[in-house]
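Colleague: Structure incoming, see below.
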Amino acid sequence: MTTTDFGAVHNSVLELTDRLRKADRYPLFPVVAQAGPTRARVRAAGCAAERDVTVLASADYLGPAHHPEVRERAADAPRRFGTGTYGSQAVGGFTELHEELERTVAAWFDRPAALLFPSGPQADLGVLGALAGPGDMVFLDRFDHGSITMGARLSGAGVRMFRHNDTAHLEELLNSGEAQEARRRLIVVAGLFSADGDLPPLREIAGLAQRHQSLLIVDEAHSAGALGARGRGAAELLGVLDRVDVITGTFSKSFASTGGCVCANERVADLLRHAAGAYLLTLGLSPATVGAVFGAFGVVAREGAERRRRPVELSAALHEMLRAAGVGIGASQAHVVVPTGTVDRTARIARRLVGEGLLVGPLFPPAVPIGGARLRLGVTAAHSEAELQRAAQLIATAVAEEQ
Ligand SMILES: Cc1ncc(COP(=O)(O)O)c(C=O)c1O
């Protein structure tokens, strides 16, 4: 291999990127100059002009990221601890704030212990690297997030994918000879599938995990805060919170910041503290980040019921507006998904929309299966119906005209 030949798959990604840039259609990495709850000033990649856009690409679903209390806590923490942590959590980068946040997160998910990680994907890598290895077998939904797939593959365990939300297929795989012979079986699913917005059949999966003596790990990245009567996530919503062995999550969606977490029993937490590379080989979250997450947990705990209701109602309204305008939409139960076919067409639509004042999330392989490019529209508690009405009209016209 040379630095111009990276193998067939990666070469084709770079060729596509070159082609989109040459045609001025490249829709990724917009540069954000300023951002509010639903409006931002952005520059499309490679362009000099800035535009004011309505943001429908945010995962700040419950909207605490601009809450004064959250900003104040983020500003206050560096006054006590400085701006960084200057050491891994094991050797001095673990402050009283980190300790208190761990307790808050563990209590939120009704678990004895929680650990903080630099991001959601690193939480998945840490758990899978520590709990799975050669001789084990990990079972994944085909639509699981890439961080789960990557963690499973890097662990050295055997990896088997079941068809999306197909518990009969999962059972078939669990019944196979190789699964029976595996030292340990682990089932890992997202609580809310990020690219399609649908939920896994967690009750059935928890039943299978129990019958087949498998560990059940649920990644509540998109669902924590947003789903369940108390905002504990999909496992709470589907009545299986006490049947999940390990919960992973992120603070980048409903908790106004960045960073990941793992919630488990004390023994697993202790294993991760001393054996998870993604935890040990990096620094603790910055104090400002921990302060912001704290603030967000406070806001979501107090105002969560109302903040959860609003995006659900607005997403249903946007679904209806798009349907009425003749736009086909996916079977999402959360964010709104518009299937747009090829990468080229999706890129054209997304870039056109930025020019017209709307920022949406274009999703391409490998984030979604090959042939399944789409737009993901993140509706937050802060959006207004008028903003969504305008967005629906722009999307409908772009989808009709960019064939
Ligand atoms: C299941 C899942 N895990 C992890 C992540 C990413 O976490 P983070 O935002 O902390 O990088 C996502 C992102 O969308 C996700 O869907």
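The values are calculated or read from the model by the stated rules, or taken from the named source; none is laboratory data. Fair warning: this is a prediction, and the values are worked out from it, not measured in the lab. Cβ sites come from the backbone with ideal geometry, for glycine too, and all protein chains shown count toward neighbours.
Colleague: From the list D198, D141, D124, which residue is in contact (Cβ under 8 Å) with a residue 12 or more places away in the chain, in contact with a strand residue (DSSP E or B) (Cβ under 7 Å, 6 or more places away or on another chain) and farther than 28 Å from F294 by Cβ?
Modeller: So the residue among D198, D141, D124 that is in contact (Cβ under 8 Å) with a residue 12 or more places away in the chain, in contact with a strand residue (DSSP E or B) (Cβ under 7 Å, 6 or more places away or on another chain) and farther than 28 Å from F294 by Cβ is D141.
Colleague: Next question, about the same structure. In segment 307-323, how many residues are without any contact (Cβ under 8 Å) to a residue 60 or more places away in the chain and either more than 24 Å from the chain's Cα centre (by Cα) or not assigned by TED's automatic domain parsing to the domain that holds S384 (or both)? Even if it seems obvious, please write down each step before you answer.
Modeller: Going residue by residue through segment 307-323, those that are without any contact (Cβ under 8 Å) to a residue 60 or more places away in the chain are 309, 312-313, 316, 319-320, 323.
Now drop any that are not either more than 24 Å from the chain's Cα centre (by Cα) or not assigned by TED's automatic domain parsing to the domain that holds S384 (or both), which leaves 320, 323.
Summing the residues that are without any contact (Cβ under 8 Å) to a residue 60 or more places away in the chain and either more than 24 Å from the chain's Cα centre (by Cα) or not assigned by TED's automatic domain parsing to the domain that holds S384 (or both) in segment 307-323 gives 2.
Colleague: Checking E236 against (1) surrounded by 24 or more Cβ atoms within 10 Å (Cβ to Cβ); (2) out of contact with any helix residue (DSSP H, G or I) (no Cβ under 9 Å at 6 or more places or on another chain): exactly one of these is not met. Which one?
Modeller: That leaves (1) as the condition not met.
Colleague: Where residues in segment 365-403 are of a type in the set (S, T, Y) and more than 20 Å from the chain's Cα centre (by Cα), which of them is farthest from G355 (Cα to Cα)? I'd like the intermediate steps shown before the answer.
Modeller: First, the residues of segment 365-403 that are of a type in the set (S, T, Y): 380, 384, 397.
Keeping just the survivors that are more than 20 Å from the chain's Cα centre (by Cα) gives 384, 397.
On the way: S384: 21, T397: 13 Å.
Only one residue tops the list, namely S384.
Colleague: A further question follows. Does R73 meet the test of being of a type in the set (K, R), over 30 Å from L115 (Cβ atoms) and surrounded by 12 or more Cβ atoms within 10 Å (Cβ to Cβ)? I'd like the intermediate steps shown before the answer.
Modeller: Values: of a type in the set (K, R): yes; over 30 Å from L115 (Cβ atoms): no; surrounded by 12 or more Cβ atoms within 10 Å (Cβ to Cβ): yes.
When the stated conditions are applied, R73 does not pass them.
Colleague: Just to be sure I understand the filter: pairs with C-beta atoms under 6 Å, separated by 6 or more residues or on different chains, first member in segment 15-26 and basic (K, R), second member part of a helix (DSSP H, G or I). Which pairs pass?
Modeller: Correct list of pairs: R25/A347; R25/R348; R25/R351.
Colleague: Quick check on my filter: what residues within segment 117-142 are farther than 24 Å from P369 by Cβ, assigned to a loop (DSSP other than H, G, I, E, B) and within 15 Å of the ligand (Cβ to nearest atom)?
Modeller: Listed by number, the list holds a single entry, P118.
Colleague: Any residue at all in segment 78-86 that's within 22 Å of the chain's Cα centre (by Cα) and either more than 16 Å from the ligand (Cβ to nearest atom) or crowded, with 23+ Cβ neighbours inside 10 Å (or both)? So that I can check it myself, show each step before the final result.
Modeller: First pass over segment 78-86, keeping only residues within 22 Å of the chain's Cα centre (by Cα): none.
Within segment 78-86 (the criterion being within 22 Å of the chain's Cα centre (by Cα) and either more than 16 Å from the ligand (Cβ to nearest atom) or crowded, with 23+ Cβ neighbours inside 10 Å (or both)), the answer is no, since none of the residues qualifies.
Colleague: A further question on this structure: Identify the residue in segment 143-164 that is away from the ligand (no atom under 15 Å from the Cβ) and in a loop (DSSP other than H, G, I, E, B) and, among all such residues, is nearest to L192 (Cα to Cα).
Modeller: Looking at the filtered set, the residue picked out is R163.
Colleague: Just give me the residues in segment 36-52 being more than 13 Å from L358 (Cα to Cα) and touching a His at 6+ places or on another chain (Cβ under 9 Å), in sequence order. Let's see the steps before the verdict.
Modeller: First pass over segment 36-52, keeping only residues more than 13 Å from L358 (Cα to Cα): 36-37, 45-49.
Selection gives G36, P37.
Colleague: Given (1) among the hydroxyl-bearing types (S, T, Y); (2) closer than 19 Å to G151 by Cβ; (3) not in a strand (DSSP E or B), identify the lone condition not met by S257.
Modeller: For S257, the failing item is (2).
Colleague: Here's something else I'd like to know. With respect to L208, is the statement that it is touching a strand residue (DSSP E or B) at 6+ places or on another chain (Cβ under 9 Å), away from the ligand (no atom under 13 Å from the Cβ) and touching a residue at least 12 places away in the same chain (Cβ under 8 Å) true?
Modeller: Values: touching a strand residue (DSSP E or B) at 6+ places or on another chain (Cβ under 9 Å): yes; away from the ligand (no atom under 13 Å from the Cβ): yes; touching a residue at least 12 places away in the same chain (Cβ under 8 Å): yes.
Considered against the rule, which asks whether it is touching a strand residue (DSSP E or B) at 6+ places or on another chain (Cβ under 9 Å), away from the ligand (no atom under 13 Å from the Cβ) and touching a residue at least 12 places away in the same chain (Cβ under 8 Å), L208 comes out as yes.
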